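Here is the structure we will look at.
What follows draws every value from the coordinates through simple rules; no lab data is involved. Bear in mind that the values here come from a model prediction, so they are computed numbers and not experimental data. Heads up, the Cβs are rebuilt from the backbone with ideal geometry, glycines too, and the neighbour counts pull from every protein chain shown.
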Amino acid sequence: MRKFCCGLMLAWLACAAHGQTPLIAIETSLPSAPYASFSLAADSASFAPDSAENRELVDKGFGLPVRVRQRGDGYVYVHATSPRVLVPVPFGWRGFDDGKRTRLFAPSANIGMVINAMQLDGTQSWDETREQVWKFARQTAAQRAKKDARYSARLIRLGDGTFGMREANIHEAEGDPYSSVILFRRHPDDPRTAIRMNLFAPVGDFDRYLALAALVMKDMQGAKIPAGLDTDLSKLPK
C-alpha cells in the first residue's frame, strides 16, 4: 500500500511557479486496447465487499469498498460514490471510496487510478477550464524538468473534449520513479462539474496503461446512489 499511497501525492493543480514555462507538445490521441488485456483475474471476486482484503481497507479506515454494478468482458462497472459515476475497472483490481475520491488499484499497488469530482464555478467555459489547468501543468513541468533531466511531459487534448497531461519519469523523495496521466472530462450528469482521473504506473509499464486511462474516461457513466447502498463513512474506524 505504501507505493500506492505515494503515487497519490501528485499536486500539480495546486502548484504555482514563477518565470518562463516551456512549450509542451500536445497529443490528440491515446493508445487503444480491450479491457480484457488488462484483466488480472477470471472474475470479479476481488471486488467482493466481504473479502478479507476489502475488510482490511475498512478496518484501517481507508474507506468503503466499491460495489460492482455491472459486469463486462474482463471488467466490471463499479460505483464511485464520491464523484457519482460508474467506472469500468479490470477484473482482479480492488477499490475503495473515502468520501472525497475513489481509489482503484492493481494488487501490486504500484498501478492505480484516483477519481474525484471538481466544481467548475470559477470558469465560464470548458475551454477556459482547460487553459487554467494547462497553465498550472506547464508550470509544474518546468519545475520538475529543472530538477531531473529524465523527466518529460506532454499535454493531451482529445476530440471529445477530454484534456490533461501525461508525465514520464517523476522522481520524488521516496520510492522508484513513476509516470502519470491526469485527465479531465465533463461529468456525465452535471456540466458544471469535471471528473478528474489520475492513472499512475511504473515507468516501464506506463505506455501500455495509457490505453486503460483512455478506456476508463471514454466509458465512464453517470450514476445515482442506489437505495440501500452502504455509503455511511461514519462506520469507518476513527
(request) Under 17 Å Cα to Cα from residue 146, which aspartates and glutamates show up? Leave out anything in the same chain fewer than 8 places away. (result) 167, 172
(message) Please list log₁₀ I(q)/I(0) at q = 0.08, 0.16 Å⁻¹ for region 2-226, using the Debye equation with identical point scatterers on the alpha-carbon positions.
(response) -0.28, -1.14
(message) To make sure I understand the rule: partners must be aspartates and glutamates, Cα under 14 Å from the Cα of residue 224, and not fewer than 8 residues away in the same chain. Which ones qualify?
(response) 189, 190
(message) To the nearest 20 Debye, how big is the dipole of region 2-226 about its Cα centre, given +1 on the beta carbon of each Lys and Arg and -1 on that of each Asp and Glu?
(response) 300 debye
